[in-house]
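Down below is the structure, laid out as structure tokens.
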Amino acid sequence: MRLVDAAGHLPTLKPLLAAVRWLRAIPYIGSGRVCPICERSSRKFRRYGEPRRHDAQCAHCGSLERHRLAWLFIRNRTDLFDGSTKSVLHVAPESCLEGRFRKRLGTSYLTADLLDDRAMVKMDVTNINFPDRSFDSIYCSHVLEHVSDDRKAMAEFHRILKEGGWAILLVPITSHKTIEDPSITDPAERLRLFGQKDHVRRYGPDYVERLRDAGFEVEIVMVGELASADQATQMGLTPAAGEIYYCTKPA
């Protein structure tokens, strides 16, 4: 078996991964669901998560409920894809979104992550190494619940956003009120209290007040404002999709 090509390079794994995805999608062939991101139909979405959620993951692109809701909002309610050049920061880029953003936005699109080497830059969101007013738009989903000083991260996002720009900063809302305790570092205890070993808090609806304290004007957009009940079912926008926190920096 040949492990390198004639030039001595490792072959790309993309064709193999595409073939694996295609094979895994075969049991889901049908028309009961449609993903707004990849625009492909399936009989149903995969179960996903712990505990398992029904109608969660697209069998074709791997999107989850929150990704499909965010895409729907960005596509229908923002100016991101209007063809004008914008500087866009995507923190902890999801594979189902990254390639599509990159194709539409080109060289003005930047991905960042603290731990994932596949991102374009390494970034600590509590100490962002970019000047004030660097970006027109920021997208950051399900990151802040991992960040000890989330208020500093929100302030940093506000600092690097241009006046008149917008940020979509999503977190899971899983409590009636935000619960946190910095002294809890044991993974098992974090799992018990915060729902995941690497979470440092559970957010409640008061999350919006933290965003406003950072200087943002915030609009909360629910699934029903973007899709009818039938459309939501078809796109798998179950309650796990959450809501959109659309944060703007006044001009």
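None of the figures in this text is laboratory data; all of them are computed from the coordinates on show. What you see is a predicted model, and the numbers here were worked out from it, not measured in a lab. Note: ideal-geometry Cβ built from the backbone for every residue, glycine included; neighbour counts use all protein chains shown.
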Going by how many other Cβ atoms sit within 10 Å of their own, how do 162, 249 line up, fewest first? 162, 249
If the chain between residue 229 and residue 197 were fully extended at 0.36 nm per residue, the gain over the current Cα-Cα distance would be 8.1 nm
Taking 123, 235 and counting other C-beta atoms within 10 Å, the order from fewest to most: 123, 235
From DSSP H assignment alone, runs of 4+ in the chain each adding -39500 (n - 2.57), the sum over residues rounded to the nearest 500 puts [θ] at 222 nm at -8000 deg cm²/dmol
List the residues whose amide H sits under 5 Å from the amide H of residue 238, counting only those 5 or more places along or on another chain, with H placed 1.01 Å from N in the peptide plane. none
Please report the relative contact order for segment 110-198, taking Cα pairs under 8 Å with a sequence separation of at least 6, and give it as a percent rounded to a whole number. 24
Within 10 Å of each residue's Cβ, count the other Cβ atoms and sort 169, 114 from fewest upward. 114, 169
Trypsin sites (Lys or Arg not before Pro), restricted to segment 83-144: which are DSSP loop and have at most 13 other Cβ atoms within 10 Å? 118
In whole percents, the bins of 5 Å from zero upward hold the Cα-Cα pairs of the chain as 1, 6, 12, 15, 18, 17, 14, 9, 5, 2, 1, 0, 0
